Amino acid sequence: MVVDVVGLPAVGWSGLGEAERDLVTSAEVLLGAPRHLGLVPEVEGQERHAWPSPLRPQLPGFLDAYSDRRVVALASGDPLVAGIGSTLVDLLGTDAVRVHPAVSSVALAGARMGWDAATFDVVRIASEGAQEVRPLLAPGRRLVALSRDAGTPAAIAGVLGEAGFGLSVVTVLGDLGTPAETRRESLAATGVDGEVPALNVVCVACATDQPEADGSPVPGLPDDAYENDGQLSKRVVRAAALAHLRPSGDELLWDLGAGAGSVAIEWCRAVRGSRAIAVERDGERAARITRNARHLGVPGLQVISGVNADALTWLPAPDAVFVGGGADTNLLHTVLSMIKPGGRLVVHAVTVETETLLLDLHASLGGELARLSVESLGPLGRFRGWVPARPVVQWSLVTPSADGTRQEDPAR
C-alpha cells in the first residue's frame, strides 16, 4: 500500500499546485479530517472518509480496508510537522508514504515573528488546559504552540502566569496564510481577551522575574513540586533512578507502585515523545498522580489503579520499568518476562525483605546494586545537624538485547 499525503495551505484548494491537485482528484479514496475534506472539490465516484477516533489504535485496520486502492490523505501545511504524515510513516514505513508538503503554520509563524527556526521549540497543544507548555518554560526560551482551539491562547497565558512567567509576551497569530490573518500581542499576566480565531498559533517569548521559575527537564524536581502523602521517591534517589532508566523519545515506562507519580512524570518531562503508565493500587493516590501530571505539564500520562502482577499482562510491553514500592517475586518475574530486549529496570527497596529479594536477583541476573543514603541539614537544638533519610537499596538491570548479549548500563 502506498499513501500520498498532500499538505493543504491555509487558503485551501486555490493554493495547491497542479501536481497536488491531480493527486487529489485522481484518488479513489480520499482521507482527512472533516475540515480538510471540505476544502477540496467533490469528485464523482471518489470515496471520502474522515480519520477514525481514537486514531492510532484504529488506524491499521482502517487503512487495511483500502490496501488495493489509490489513497490520498489530506493534512495541514507540512504533514511531517506535528501532522498525520509522521503517524503514517511510523505505521507504514518511509517507502509506503509519499509526502507533498505545503508551507507549515510553524514556518509561517517563524516568518511573522522574525524568529530563526533554530531559536524556538514547537509544542502541540492537545489538552484543554494547555499544560503541555509547562515543561518547556525557561527564561529567554521561545515557543511556538500549535493550538487546540480558540481557547488555547488564554489557557497558555494562564499556565504562564501560574508558573511565574507572567512577563512573557504572548503573540496570537490567527488564520495564518489567509487574507483574514490576524495578530495580537499581550503580556501573559494580563491574559488573552476577546475573540480569537479557531485556527491560531501562539508564539511565546518566555520571561520571568522569579529566578526559581524554571521548567528544566533535568530529573530531580524539588519534592514540594508534588502533591503527596509521603509516598514519594525523594529528589536525590529519583534522579539516580532516572539516570539508570535513561528516558528516550517514543519509549514506554511502567512506573509500578507509583505513589505520587514522580518518576513517570519526570520520565515524560525529560524527553518529548516519552510515554509512561503509572500503576498505583490506592485510588486516592492514583487521582493525585493525575493532578500532579497535569500540573507539571504531562497531561497525557496514563494512570491505572491496581498493581497486581496479573493485571500487567494486558499492558503494552515497556522499554523501561521502575518499581518504587511493593516489589515481590511474582511482580518482578512478570516484569522481566514482559520488558523489551535491552530494556532498563530499576527497583527500590526500603525493607529488609525486599532488599533480600534484590540481593538474590542480583546474584542470579547481575546488574548493579547500590545503597543510597542521603542526609540533609536540619535544626538540632540551638545548632544544626545532619538528618539522615531512610536508606534505599537500588537494583538496576539492562536486560539482554535481541541477540542475547547484555548491554552495559552507561550510568554506571
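The values are calculated or read from the model by the stated rules, or taken from the named source; none is laboratory data. Please read these numbers as outputs of a predicted model, since none were measured by experiment. Ideal geometry is used to build each Cβ from the backbone, glycine not excepted, and the neighbour counts take in all protein chains shown. Heavy atoms of the whole protein, side chains included, go into the accessibility calculation; ligands, DNA and RNA do not. Shrake-Rupley method; radii C 1.70, N 1.55, O 1.52, S 1.80 Å.
Fully extended, how many nm does the chain gain between S53 and L359 (0.36 nm per residue separation, minus their Cα-Cα distance)?
Numbers: separation 306, 0.36 × 306 = 110.16 nm, distance 4.68 nm.
Full-extension gain reported as 105.5 nm.
Which value, in debye to the nearest 20, gives the size of the charge dipole of the chain about its Cα centre, when Lys and Arg are +1 and Asp and Glu are -1 at the Cβ? All intermediate terms of the calculation are to be shown ahead of the outcome.
On the way: 35 positive and 49 negative charges, 185 e Å.
Here the size comes out at about 900 debye.
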Nearest-20 debye value, region 124-166 charge dipole, Cβ charges on Lys, Arg, Asp, Glu: 220 debye
GNM result for the chain, Cα springs below 10 Å: residue of R281, R384, R184 fluctuating most strongly: R384
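Taking the radius of gyration and the Kirkwood hydrodynamic radius from Cα positions alone, what is the Rg/Rh ratio for region 160-257, to two decimal places? Each step should come with its number before you reach the end.
On the way: Rg = 19.2 Å, Rh = 17.0 Å.
So for region 160-257, dividing Rg by the Kirkwood Rh gives 1.13.
Okay, helix-only estimate at 222 nm for the chain: each DSSP H run of n ≥ 4 adds -39500 (n - 2.57), divide by all residues, round to 500 deg cm²/dmol; what do you get?
On the way: 11 runs with 109 residues, N = 412.
Computed ellipticity for the chain at 222 nm equals -7500 deg cm²/dmol.
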Solvent accessible area, Å² - S373, 1.4 Å probe, full protein context: 90 Å²
Relative contact order, percent, region 1-127 [alpha-carbon distance under 8 Å, six or more residues apart]: 35 percent
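Per Stokes-Einstein, at 20 °C and 1.002 mPa s, what whole-number D in µm² s⁻¹ belongs to region 60-154, with the Kirkwood radius over Cα pairs as the hydrodynamic radius?
Details: Rh = 15.5 Å.
Estimated diffusion coefficient is 138 µm²/s.
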Net charge dipole size for region 304-367 [Lys, Arg +1 and Asp, Glu -1 on Cβ; Debye, nearest 20]: 260 debye
Solvent-free Debye scattering, log10 I(q)/I(0), computed from the Cα coordinates of region 1-45 at q = 0.24, 0.28, 0.29 Å⁻¹: -0.93, -1.27, -1.36
Two-site FRET efficiency, T329 against A225, from Cβ-Cβ distance with R₀ of 30 Å, rounded to 0.05: 0.35
Computed FRET value (nearest 0.05) for E18 with T190, which takes r as the C-beta separation and R₀ as 35 Å: 0.15
Virtual paramagnetic centre 7 Å along Cα→Cβ of R124, amide N under 19 Å, in region 17-40: 31-37
Estimated distance in nm for a label pair at W115 and R98, the labels positioned 7 Å out from Cα along Cα-to-Cβ: 3.5 nm
Longest to shortest principal axis, alpha-carbon extents of region 270-412, angstrom: 60, 38, 29
Nitroxide proxy distance, nm - points 7 Å out along Cα→Cβ at E181 and E162: 3.3 nm
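If we sort 162-175, 191-204 on the protection proxy, mean other Cβ atoms within 10 Å, highest first, what's the order?
Details: 162-175: 20.6, 191-204: 18.4.
Top of the packing list down: 162-175, 191-204.
What does the extension gain come out to for R291 and D209, with contour length at 0.36 nm per residue minus their alpha carbon separation?
Working: separation 82, 0.36 × 82 = 29.52 nm, distance 2.64 nm.
Separation in residues times 0.36 nm, less the Cα-Cα distance, equals 26.9 nm.
Throw me the Rg/Rh for the chain, computed over C-alpha atoms with Kirkwood Rh, two decimals.
On the way: Rg = 24.6 Å, Rh = 23.9 Å.
With Rg and the Kirkwood Rh in hand, the quotient comes to 1.03.
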S26 versus V350: modelled label distance in nm, points set 7 Å from Cα along the beta carbon direction: 6.7 nm
Selection from V43, A260, T171 lying farthest towards where the dipole of the chain points positive, charges on Cβ: A260
